[in-house]
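Beneath this line is the structure, given in structure tokens, with notes to follow.
Just so it is clear, none of the values below were taken in a lab; they were calculated from the coordinates. Predicted model only: the values in this text are computed from it and were never measured. Every residue, glycine among them, receives a Cβ derived from its backbone with ideal geometry; neighbour counts consider all protein chains shown.
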Amino acid sequence: MSAEKTEVHHEEHGEHESMTKGKIWRVFFVLLGITVVEFFIALVLVPRGVPQHIANPIYIILTLLKAFYIVAYFMHLKFEKVGLMLAIIVPILFIIGLILVLTNESHYWVDLKIFNA
């Protein structure tokens, strides 16, 4: 018998790429940077006179960006097939739209002249 060692190669497929330490640290620093920007706006710019109606949309955009990074990389959605991503993202977009419509329509009862006696 021969004493040769056989090497086994495991090829990774594109659907489940692994998160290397470098990618994890890169995403960590992106999330840290976004958080630092949010704290800078909240603790420096808003007290110095930046109106809330300008700061709030910036907070929302930065929070959605952080949510994207967390879901895409740490929950591995970025490495999934397109069908699964659409099955998760499209209902979330409809729910967000529903919340926006309901928030806008919630003022209907307040604005009615009947109840404002």
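Numerical summary
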| item | result |
| --- | --- |
| Net charge over other residues, Cβ less than 12 angstrom from the Cβ of residue 71 (K, R count +1; D, E count -1) | +1 |
| For the range 21-75, projected area of the alpha-carbon convex hull averaged over all directions, nm² | 3.6 nm² |
